[in-house]
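The values are calculated or read from the model by the stated rules, or taken from the named source; none is laboratory data. Because the structure is predicted, anything quoted here is derived from the model rather than measured. Neighbour counts are summed over all protein chains in view; Cβ atoms, including those assigned to glycine, are modelled from backbone coordinates with ideal geometry. Accessible surface areas use protein heavy atoms only, side chains included; no ligands, DNA or RNA. Shrake-Rupley method; radii C 1.70, N 1.55, O 1.52, S 1.80 Å.
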Amino acid sequence: MRTIANFTIEDEPIARGGMGQIFRGHDNKGHVVAVKEILPEFASDWSIMSRIEKEVEFLVKVEHPSIVKLYSAFLDNATQSYFIIMEMVEGMNIEQYVTKNGPIPEEQAVTYMLKILDALQYVHNAHIVHRDIKPSNIMIRPDNSVCLLDFGVAKDMDGGSNTIVGSIIGTSGYMSPEQAEGYSINTLSDIYSLGCVFYYMLTGHHAFNTFASEFETKDAIIHKESPRLSKYKKGASEVLQKVLDKATAKNMVQRYQNCYEFMAALSNGTHISHAGMASIPVMLSVGREKCDIIVSDKECKISRHHADIELKEFTNGKYYVFTDCSANGTIINGRRINKTSVSIPVNSAKPYILLAGVSDGLLDWDKVVSELESRAKAVQGMETQKEDIKEDELAAGKKTDPKKPDNNNDDDEEYEEQSATLLVILAFVFAILGGFLGLILGIQVFASTEKLLNGKKVKKYKSEHRTLGLVAAIISVIMIFVWKFALADMF
């Protein structure tokens, strides 16, 4: 054991990395902490330390249950190492969890994903791109909560091309296509990576083989389609496949444009029952620090947590409920309020809001409305009624249990019409030759049916092939008469 500042640190590290190592420690009150040591050779590098300090600056402001907490950071003069004191996150990361327990069941995986997405949206709201979303950077605690770790290669979207720590990720199978090609990235890259993590949770396999060479890995990410869930998971939900397809689209603009959209897609149609979800408030916080929308002023009159704004529906319509939580109050349309609430009708004129009554405190109302609408969409997806979910199941072709046929809902049974390409070609060949076989084949393609297990009869072949079969039958009839008169004239 050794003592660094007010912390007692165990001798053996619990993890090692490129620039340092992590130890288990205790503060002077006996609380368990994780102590990350940046080795002297890196702690003396100004360029590295400037980026580390930006990571620290971000994490020290974080107050989210699913993001690792940072308590303090300092340079130890005796060892010349830089120490970061963080929350000790117990449990297993997703990679360890899947290795031990196998693929995560769909309902449980969706529950984890909703929590991870909520944390990642918090990061994105702070204009940070994580850039290293992968199974080993997401912990599952013993109480089944999750925790997002390691902002070591995160990117500050407000800081140009500078990274917070480290450099661009190398050969990880979880990097986005645009990152693999070396292009500029944004929050949509994190959404792609999280889609790959979701694939791993459900199947126990990486979407792209990270054991291949760097060139092969990057080439697969850029050019090859993501593998189907059915490749490794029998009976995989078609709904989840569609969610994954959108999250991992090669084209950024075709992905979910924020984590709220991803959450809504997972909640709406994945047959997951979310207890208590209906009571989730649609709200955001405004203030100088640690809020969803940051507004600061030179004299720091705006409170760290200045106000909350909630979208609520009453009997006479929808309102934005602005609740002042500050020391200096807020001016709304010329009226000062303090420690009280004001209801603003959704369809009313845009309010003029000055936090703390200072000119720097002008609140961007368009940004407030946009953010609340995104959150409302996510919550609406979580509260979707069973009838709507059933429609999504039908659209996705969800199979019914053949042992329990529902005679009142025959359309619930999935049936994929067969291809009749060869039969159609033969039908046209014999039809042109004027043979009765062309007529027979054409009628067969057009009229053939199959009987499902629930007793319902369906057409056997695809609609376009059935149309071609009918055309071939008609041509066959015409050609039979053509050849009959042609042969009669010859003889």
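Shown here for region 178-245: trypsin sites (Lys or Arg not before Pro) in loop regions (DSSP other than H, G, I, E, B) with at most 13 other Cβ atoms within 10 Å, namely 224, 234. Estimated at the nearest 10 Å², the accessible area of residue 240 is 0 Å² with a 1.4 Å probe.
Computing FRET efficiency as 1/(1 + (r/R0)^6) for residue 53 and residue 464, where r is the C-beta to C-beta distance and R0 is 45 Å, gives about 0.10. Annotation: amide H of residue 418 within the under-5 Å range of 461, 462, sequence separation 5 or more or interchain, hydrogens built in the peptide plane.
If you take the Cα centroid of region 177-233 and the Cα centroid of region 33-75, the two points sit 28 Å apart.
With r defined as the distance between the Cβ atoms of residue 14 and residue 481 and R0 fixed at 60 Å, what FRET efficiency is calculated, to the nearest 0.05?
Given R0 = 60 Å and the Cβ-Cβ separation, E is 0.10.
Between residue 246 and residue 39, the simple label model (points 7 Å from Cα in the Cβ direction) yields a spacing of 4.6 nm. One Cα centroid belongs to region 293-345, the other to region 416-435; the line between them spans 71 Å. Estimate the FRET efficiency between residue 107 and residue 323 by the formula 1/(1 + (r/R0)^6), using the beta-carbon distance for r and 35 Å for R0, to the nearest 0.05. Once rounded, the FRET efficiency stands at 0.50. Annotation for residue 316 and residue 331: the two label points, set 7 Å from Cα along the Cα-Cβ direction, are 2.8 nm apart.
From the cross-link list 29/339; 246/377; 233/457; 69/224; 250/462; 224/246, which pairs have alpha carbons spaced over 26 Å apart?
Working: 29/339 35 Å; 246/377 17 Å; 233/457 30 Å; 69/224 38 Å; 250/462 30 Å; 224/246 15 Å.
Pairs exceeding 26 Å: 29/339; 233/457; 69/224; 250/462.
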